[in-house]
Amino acid sequence: MINVFIDGKEGTTGLQIYERLEKREDVRIITLPEDKRKDIQARKQCLNSADVSFLCLPDAAAIEAASLVESDNARIIDASTAHRISDGWVYGFPELSAQRREEIACAKRVANPGCHATGFISLVAPLVRGGILQADYPFVANSVTGYSGGGKKTIAQYQDKDRSPELSSPRQYATGQKHKHLPEMVKECGLSYAPIFNPIICDIYSGMCVTVPVYSRFMTKKYSVADIRKYFTEYYASQTFIKVMPEEAVNAYIPCNHLCNTNMLEIYVGGNDERVFLASVFDNLGKGASGAAVQNMNIMFGLDEGASLL
């Protein structure tokens, strides 16, 4: 039996983790009474008595929570941005390599990837690691996301019956190029420079599509679209939750919300031999948050990776 504490269970990610785990027979969820939810000593006791704790908190609170853990046996999966590039923490993207999966399995501290970062890294890291593009390539990425990623305040704004008509339109944000996911995108892809990153929030509850256009003339040698698709297919061939889509799927409309309530991620490779189109589609609350967190927990405890996710 795995004792699990979700610090921040009332938030969007925490609630989804709870819903994924509550019916499992191999998990016992430690809960706090409502009046103790923000009591530091009560939380400290839970964090140290649990086999694994999920931190579904703002960054400052996640840092505080991690500092309260004194037990050598207590593991942490942090869903915040706080530790994603920190020493001593393993970045929880097991599909990057067999070595990364093994590091997660042995880790006491795992930083769960950000949603936008998940889509970008799934496309860019294989290209740089495989020597197809160099680390100094000037990447540009666009990302369309459902509004649930903004948390309770944003969800309430979008679901308000008297909301502004502007919310019916896709809206660009983080235009200052200082989005909080950029540091992990740079580090995990081994980039020399941060990409130009354009996130867009739209009027759907969840779903995400990250696109990265690539000029073939900057590749280290001549690759066709078919070559790139084959490369991605082979790179992710053994993965449960990442699927590279066939050519015919790329020539249709690609919605960003058809994988909601799953932990799946689909990769599309299209365009032509001069300008390659890459897209990553998944649920920002699934593979982009709670699903990935539960997947990491399963790996850390040597369980079926797809438990409560398929």
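Rule-based calculations on the coordinates, nothing more; no lab input. Predicted, not measured: the structure shown is a model, and the values here were computed from it. Note: ideal-geometry Cβ built from the backbone for every residue, glycine included; neighbour counts use all protein chains shown.
For this structure, a couple of remarks:
- Fully extending the segment from Asp87 to Ser169, taken as 0.36 nm per residue of separation minus the present Cα-Cα distance, adds 25.5 nm.
- Cα-based reach from Lys178 at 26 Å (exclusive), listing lysines while leaving out same-chain residues under 8 positions away: Lys152, Lys153, Lys187, Lys287
- Principal-axis tilt of helix 40-49 within the chain, Cα atoms, nearest 10 degrees: 70
- Cα principal axis extents for the chain, largest first, Å: 59, 50, 34
- Per the Cα gyration tensor, region 44-151 maps to an equivalent ellipsoid with semi-axes of 29, 18, 11 Å, ordered largest to smallest.
- Shown here are the Rg and Dmax of the Cα trace of region 197-310, at 15.5, 45 Å.
- A straight Cα-to-Cα reach below 24 Å connects Lys222 with the lysines Lys230, residues fewer than 8 places away in its own chain not being considered.
- Cα long-axis angle, helix 225-235 against the chain (0 to 90 degrees, to the nearest 10): 30
- For region 240-310, the set of GluC sites (Glu not before Pro) satisfying both a DSSP loop assignment and a count of at most 10 other C-beta atoms within 10 Å is given as Glu274.
- Share, in percent, of DSSP beta bridges within region 115-284 that are antiparallel, nearest 5: 70
- 0 to 90° range, to nearest 10: angle between helix 291-300 axis and the chain longest Cα axis: 70
- Most fluctuating residue given options Asp78, Asp203, Asp87, as computed from a GNM of the chain linking Cα atoms under 10 Å: Asp87
- Protection proxy ranking, peptides 144-155, 25-36, average beta carbon neighbours within 10 Å, highest first: 144-155, 25-36
- Where Rh is the Kirkwood radius over Cα pairs, Rg/Rh for region 115-284: 0.98
- Listed peptides 116-127, 207-218 appear in the order 116-127, 207-218 once ranked by packing, highest mean of other Cβ atoms within 10 Å at the front.
- Put simply, when 230-240, 9-19 are sorted by average Cβ atoms within 10 angstrom per residue, most first, you get 9-19, 230-240.
- Cα centroid of region 203-278 to Cα centroid of region 1-65, whole Å: 35
- Reachable aspartates and glutamates, given that their alpha-carbon falls under 18 Å from the alpha-carbon of Lys221 and they are not under 8 places away in the same chain: Asp136, Asp273, Glu274
- The mean sequence separation of alpha-carbon pairs under 8 Å and at least six residues apart, normalised by the residue count of the chain, gives a relative contact order of 18 percent.
- GNM result for the chain, Cα springs below 10 Å: residue of Ala66, Ala79, Ala293 fluctuating most strongly: Ala66
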